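The values are calculated or read from the model by the stated rules, or taken from the named source; none is laboratory data. In this text, all values refer to a predicted model and were calculated from it rather than measured experimentally. All Cβ positions, even for glycine, are placed from backbone atoms using ideal geometry, and neighbour counts span all protein chains on display.
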């Protein structure tokens, strides 16, 4: 990778982060909250199969798009 292309890459990444900073922060908070809740529930209810834990974590992807999709729909209606 040439020095010019590395600089261009850093500038592109920096520009992307500046444009999407608040959205990236909300995504991070949602992910941390989802993983925390799932982990606490599975710690409080021992004996659940490991595959169910991972499936519930994966369900966070569906929950994310469902939650933010419904928020966007409500904003469009308002």
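The table that follows gives values for the structure above.
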item	result
Exclusive hit being free of Cβ contacts under 8 Å to residues at least 12 places away in the same chain, in a loop (DSSP other than H, G, I, E, B) and either on the phi > 0 side of the Ramachandran plot or surrounded by fewer than 11 Cβ atoms within 10 Å (Cβ to Cβ) (or both), set 14, 23, 69, 47	47
Residue in the range 30-39 that is part of a helix (DSSP H, G or I), loosely packed, with under 10 Cβ neighbours inside 10 Å and at pLDDT 85 or above present	no
